[in-house]
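Right, one structure below, let's go through it.
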Amino acid sequence: MFSRRNFLTTAAGALVTASAVSRAAAQNIPEAPLAETPATQPPPLPSTGQPYQPVVTLNGWSLPWRMRDGVKEFHLIAEPVEREIAAGMTAHLWGYNGQSPGPTIECVEGDRLRIFVTNRLPEYTTVHWHGVRLPHGMDGVAGLTQPPIQQGETWVYEFEMRHSGTFMYHPHADDMVQIAMGMMGCIVVHPQDPAALAVDRDFIFLMNAFDIEPGSYTPRVNTMTDFNLWTWNSRVFPGISPLVVRQDDHVRIRIGNLTMTNHPIHLHGHSFEVSGTDGGWVPETARWPEATIDVGVGQMRAIEFIADTPGDWAFHCHKTHHTMNVMGHDAITSIGVNFEEAAEKLRGLIPQYMVMGDRGMAEMASMRMELPENTLPMMMGEGPHGPIGMGGMFSVLKVRAEQPQADYSDPGWYTPPANTMAYRRSPEKG
Ligand SMILES: [Cu+2]
């Protein structure tokens, strides 16, 4: 779970440099809860205000608020964080309240929000509320709508959430660096009527990407397209939580893209409809069936389906390089090349010399190579039938008849009923 830090102490300390908030105002700043784990937190029901059905942030959490005179007050702290990308690799990123991405901000259409933003980064920042329709001065674009938030300062954004939907937040100050470092989060504005647009399970995540050299911890911020970690909420498979649902649940998955390229997201075993974008909800009469939805840069797509078929269903980006991890991208293609002659000579010099990749690269999925410190092999994940050979933007939708309502715990691997699985044809059958 997240922890509460003593904000009054830190606020008082920050006053040495802060100029935007007076001492009296600082006393009134709500505390800023902190997440210490990349584990998916169970969705919290709203403590005050209108009821709503909360979302489940994959490998993330939702930010608690304080209700003050009818205004929901949140507190984001922009700061350096350590994020586990998957077991075996930790990255030094920038984020909010202890993690990258920052916590999901959930509220209800018509709510008035007061969001305190404290800057503990080594440079200035702002927060832009992507997709939210608000007054000019609250839009968070450094230089255009406000001066940047300097180190140590706390700034206040206050506006009404006039439309339900799925939005994002991220800096609009030194954008290239700050987004490459992992600064982003989700915003979910629930409809006034909790019965409107109701689903049984509602998941959300952001797609992001990093370029972290094996053996190092900090992303290269100037990389334009050649990233080596394709992540969902700053996690790669098998570090991404499975999406666990009960059979026949009406499921919504909200997917935002803050990488520098598009991602065709594909779901196995089901077809879905796009029900929302960062512009709002798609009228039911305008939806059409899909099995893959391309999510462009800076876009958000909400998809919906009935999870009618039990099983473990792959859910992934269809760009094959995006379901791979760090190591091995630079390996030369050598399919069909006969290395044996050269290998014989090399073995004379290096006794353990091994030929790799002359029959494809699948063997790499089961091979445990020596890796530098703090990095991940290209393919990972062990399934019930062997290595899964995936990494990056890949997870599993787990549909189970016996999954209890509102239970998100991992039921383990699926066992198919007898005679419903592909089988090896015995050669003697002729
Ligand atoms: Cu992709």
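Read-outs: derived from the displayed coordinates by stated rules, not from any lab. All values derive from a computational prediction rather than experimental measurement. With ideal geometry, Cβ positions are generated from the backbone for all residues, glycine too; neighbour counts draw on all protein chains shown.
Build a GNM of the chain with springs between Cα atoms under 10 Å apart, and of Met138, Met393, Met184 the one that fluctuates most is Met138. Using 0.36 nm per residue and subtracting the Cα-Cα separation, the extra length available between His250 and Arg120 on full extension is 42.7 nm.
Of Ala286, Ala32, Ala209, the residue with the greatest mean-square motion in the GNM of the chain, using alpha carbon springs below 10 Å, is Ala286. Of the trypsin sites (Lys or Arg not before Pro) found in the range 368-430, those in coil by DSSP whose Cβ has at most 13 other Cβ atoms within 10 Å are Arg368, Arg424, Arg425. Ordered from longest to shortest, the equivalent ellipsoid semi-axes for the chain are 41, 28, 18 Å, each the square root of 5 times a Cα gyration tensor eigenvalue.
Geometric descriptor of the range 243-313, per residue, is 88 Å³ (volume of the convex hull of the Cα atoms).
With both labels modelled 7 Å from their Cα along Cα-to-Cβ, the Ser271 to His385 distance reads 2.5 nm. Each of Asp410 and His136 was given a label point 7 Å from its Cα along the Cα-to-Cβ line. The distance between the two points is 5.1 nm.
Could you work out the relative contact order of the range 83-241, using alpha carbon pairs under 8 angstrom and six or more residues apart, expressed as a whole percent?
Numbers: 328 pairs, mean separation 44.6, N = 159.
The normalised contact order for the range 83-241 reaches 28 percent.
A Förster radius of 30 Å, combined with the Cβ-Cβ distance separating Arg66 from Glu284, puts the computed FRET efficiency at roughly 0.25.
Using Cα pairs under 8 angstrom and six or more residues apart, how large is the relative contact order of the chain, in percent? Before the final figure, lay out the partial values.
Working: 1032 pairs, mean separation 59.4, N = 430.
Relative CO of the chain lands at 14 percent.
Across the options Gly269, Pro310, Gly185, the greatest Cα extent toward the positive end of the charge dipole of the range 173-320 (unit charges at beta carbon of Lys, Arg, Asp, Glu) belongs to Gly185. With respect to the chain, whose longest principal axis is taken over its alpha-carbon atoms, helix 340-349 is tilted by about 80°.
Label 7 Å along Cα→Cβ of His318; the range 261-283 residues with amide nitrogen under 19 Å? The answer is 261-276, whose backbone nitrogens lie closer than 19 Å to the label point.
In this structure the amide hydrogen of Gln99, modeled in the peptide plane, comes within under 5 Å of the amide hydrogens of Ala35, none closer than 5 places in sequence on its chain. About its Cα centre, the dipole of the chain is roughly 360 debye, where the only charges are +1 on Lys and Arg Cβ and -1 on Asp and Glu Cβ.
Calculate the translational D of the range 30-165 in whole µm² s⁻¹ from Stokes-Einstein, where the hydrodynamic radius comes from the Kirkwood formula applied to all Cα pairs, the temperature is 37 °C and the viscosity 0.692 mPa s. Could the numbers behind the result be given before it?
Working: Rh = 15.8 Å.
It comes out at roughly 208 µm²/s.
Think of the chain as having a plus end and a minus end, set by charges on the Cβ of Lys, Arg, Asp and Glu; of His130, Gly70, Val326, Gly70 sits farthest toward the positive end of this dipole.
What number, in percent, do you get for the relative contact order of the range 202-275 if the mean sequence gap of Cα pairs under 8 Å and at least 6 apart is divided by its residue count? Mind dumping the intermediate values first?
On the way: 80 pairs, mean separation 29.5, N = 74.
About 40 percent, as a whole number.
Annotation for Ala39 and Thr90: the two label points, set 7 Å from Cα along the Cα-Cβ direction, are 1.7 nm apart.
So what's the net charge close to Gly279: Lys and Arg +1, Asp and Glu -1, counting the other residues with Cβ under 14 Å from its Cβ? Spell out each step's value before the answer.
Details: positive: Arg133, Arg162, Arg254, Arg301; negative: Asp278.
Net charge around Gly279: +3.
Using the Kirkwood radius over Cα pairs, work out the Stokes-Einstein diffusion coefficient for the range 139-273 at 4 °C and 1.567 mPa s, in µm²/s as a whole number.
Working: Rh = 17.7 Å.
Using the Kirkwood radius from Cα pairs, D works out to 73 µm²/s.
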